[in-house]
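The values are calculated or read from the model by the stated rules, or taken from the named source; none is laboratory data. As the structure is a computational prediction, the values presented were derived from the model and not from experiment. Neighbour counts are summed over all protein chains in view; Cβ atoms, including those assigned to glycine, are modelled from backbone coordinates with ideal geometry.
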Amino acid sequence: MLGWGFFPTVSSKIGGKPSNQILGATIGAVIVAFIVFLFTGCGFPMGWNLVFGIISGLGWGFGQIMAFKGYSLVGSSRVMPITTAFQLIATALWGAFALSSWPGIMHKVIGIIALVVIILGATLTTWSSNKENTDVAALRKATIYQLIGVIGYWLYSAAPQIENLNWAHSFIPRTAPMNGLEAFLPQTLGMLLMAVIYSLMNLKSENVFKESVSYKQIVAGFFFGIAALAYLVAAQPAFLGLSTAFVFSQVSVVLATLSGIYMLHQKKTTKEMVATLIGLALIILAATVTAFL
């Protein structure tokens with residue numbers, strides 16, 4: 001919660017363009033993952049497991065690039081609730097219809113209501129009491145970026161779960177499922193690969209490999225990497241379990257939003273703060289419902 005909560009604020013505070021941010025953040029995440037690999041002896045997956053781990057990381061990298069683009073437009077305190085809401089909706093729908101995590105009609109009804117509440121909560125966090133001072137076009141563009149980026153975040157969660165889908169074995173052989181720690185290093189390598197691809201695509205207009213701010217962003221990557229490691233450990237059955245760990249991880253949106261407001265001075269009026277806090281509470285409440293259905 002602390003790592004993911006401070007990650008967008010630290011990254012925004014360090015500054016730079018989305019290409020600087022994603023390159024440095026992914027280098028930092030790889031460093032954390034490599035240290036874990038060396039000191040835990042968790043193993044390195046091969047074959048299809050390696051492929052799915054890298055694809056998962058590529059997905060996160062794409063989603064985070066879209067998030068960074070949104071931060072640059074309207075600030076992390078406005079973008080984080082939106083991107084969290086989209087992630088929760090995509091993850092819940094994937095679990096419900098692909099993994100059958102909502103088995104009965106009542107589960108589906110409650111789940112859909114929870115998703116509507118998530119959308120309402122995200123909408124409240126973006127509410128402005130002074131429409132004249134709100135850049136509606138920028139907010140709309142940032143929201144579109146998050147809507148596109150959620151495809152990547154969905155892939156981040158879904159790729160390691162392909163082994164659980166019976167129809168997938170028509171195309172790929174059955175393999176021993178990965179545990180979270182084994183998936184960690186391949187995922188971060190996929191993230192770094194996406195960052196390098198994105199940076200190379202923009203090489204004609206900017207060479208982020210030579211800019212110092214890119215490497216300062218490694219500090220932000222440490223926040224993400226440590227948070228991802230903590231989540232992988234906490235989600236194990238011997239600790240919190242997946243559902244409880246998932247809910248705790250989503251509380252990071254509260255810290256990310258409030259730290260953006262107070263540490264980055266992304267100002268809100270009193271009425272806007274009340275609406276934001278209510279919206280965040282609704283997101284967390286609905287996330288809890290979807291996790292325990």
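Screening 136, 116 for residues that are at pLDDT below 90 and of a type in the set (Val, Ile, Thr) leaves exactly one candidate, 136. Of all residues in region 197-251, those satisfying the criterion of being basic (Lys, Arg) and either free of Cβ contacts under 8 Å to residues at least 60 places away in the same chain or in contact with a Pro (Cβ under 7 Å, 6 or more places away or on another chain) (or both) are 204, 210. Screening 136, 117 for residues that are within 18 Å of residue 75 (Cα to Cα) and either β-branched (Val, Ile, Thr) or touching a strand residue (DSSP E or B) at 6+ places or on another chain (Cβ under 9 Å) (or both) leaves exactly one candidate, 136. Selection over region 127-142 of residues that are touching a residue at least 12 places away in the same chain (Cβ under 8 Å) and surrounded by fewer than 20 Cβ atoms within 10 Å (Cβ to Cβ) gives a count of 8.
From the list 28, 5, 24, 43, the one residue that fits, being at positive phi and of a type outside the set (Lys, Arg), is 43. At pLDDT below 90 and of a type in the set (A, V, I, L, M): does that describe residue 228? No, not satisfied.
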